[in-house]
Amino acid sequence: MPDINLNQLAKTNIIKDIILILIIIVISKILLNSLSHLMAKAFKNKMDVDGYRKVRIETLSKNLYTVIRFIVGFIIVMIILDMLGINTRSIIATAGIGGVAIAFGAQTLVKDIVTGVIIILDDTFRVGDWIVTAGVEGTVETLGMRHTKIRDYDGSLHTIPNSQITNVQNLNSGPIKFECNIYLSYDVPFEEALDIVDSVSRGLKEEKDVSRYIVEDVSLFGIMEIRESSYVAKTTAVAVPGHQWELARRERKLIIDEIYHRDLNPSIQVVAIANGKEINEEV
């Protein structure tokens, strides 16, 4: 039998291990680059044409890529250590137990982050939008990975964990309707109510600073209610989101002007603006 050179065999095995390790590292590098390319392509479709969410989307993609790179790196290290004859079962078991403990201890934190990611990707709302959620109504000032900050009408700042944002009413998501209820006595015929609404509609369009925000002109929707001494005529119109309140206030003023201009008794007529909820105010 030929003599076996143990030193030469050991060197050969070491070279093979080194080559395999290099191959694994190269494959992992190619895999990470491919994942990075796919993620960039996927997130690119989520960006607006004007790049409104570009910075936030890029930050999100980088954070997600960092997590994936850590997981791939951990797997590669475990494979290399196993090739070198090191028992990796105890390391994996320890990491698994630690991961479970962290997961149980940070369930709310994880849920906040996951919900924040979904909000950003789905474009549920943006900074500057007026929303109603979690019992709070106001303007979104901060949209973070863990929480969202909303400034209400009174100026108070509400910090809401993203996991509590389950139902969102976004008043800036598209053209929005604003309504006005006019309570008129039976001394005012329906034809005059129509004329009042037409005059208000023309007057609102003549106000140059707000007329450009009108999507659909003010019109009489119809008689909504018949009372003992009055009837309720409702007007409707559609505005660019965020300007419905200003237009509603202007409409209300024009209605009051029409009431006085026509010598109608203002103690009988009541004007109400309805923007998602009905608010009655005596003239």
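Report yes if some residue within the range 115-129 is within 29 Å of Arg252 (Cβ to Cβ), over 13 Å from the mean Cα position of the chain (by Cα) and surrounded by fewer than 16 Cβ atoms within 10 Å (Cβ to Cβ); otherwise report no. Among the residues of the range 115-129, not one is within 29 Å of Arg252 (Cβ to Cβ), over 13 Å from the mean Cα position of the chain (by Cα) and surrounded by fewer than 16 Cβ atoms within 10 Å (Cβ to Cβ), which makes the answer no.
Filtered by the rule that a residue be within 31 Å of the chain's Cα centre (by Cα), open to solvent by 40 Å² or more (accessible area, probe 1.4 Å) and modelled with pLDDT under 85, the range 239-276 gives Asn275, Gly276. Among the residues of the range 184-202, is any part of a helix (DSSP H, G or I) and more than 15 Å from Ile259 (Cα to Cα)? Looking for residues that are part of a helix (DSSP H, G or I) and more than 15 Å from Ile259 (Cα to Cα), one finds at least one in the range 184-202, hence yes. Looking only at residues of the range 210-238 that are of a type in the set (S, T, N, Q) and open to solvent by 50 Å² or more (accessible area, probe 1.4 Å), we find that the one that is modelled with the highest pLDDT is Ser219. Would you say Phe74 is within 30 Å of Ile14 (Cβ to Cβ), open to solvent by 60 Å² or more (accessible area, probe 1.4 Å), out of contact with any Ser or Thr (no Cβ under 6 Å at 6 or more places or on another chain) and modelled with pLDDT under 80? So Phe74 fits the description; yes.
The values are calculated or read from the model by the stated rules, or taken from the named source; none is laboratory data. If you're wondering where the values come from, they're calculated on a predicted model, not measured in any experiment. Cβ atoms come from the backbone with ideal geometry, glycine included; neighbour counts cover every protein chain shown. Surface accessibility is based on the protein's heavy atoms, side chains included, excluding ligands, DNA and RNA. Shrake-Rupley method; radii C 1.70, N 1.55, O 1.52, S 1.80 Å.
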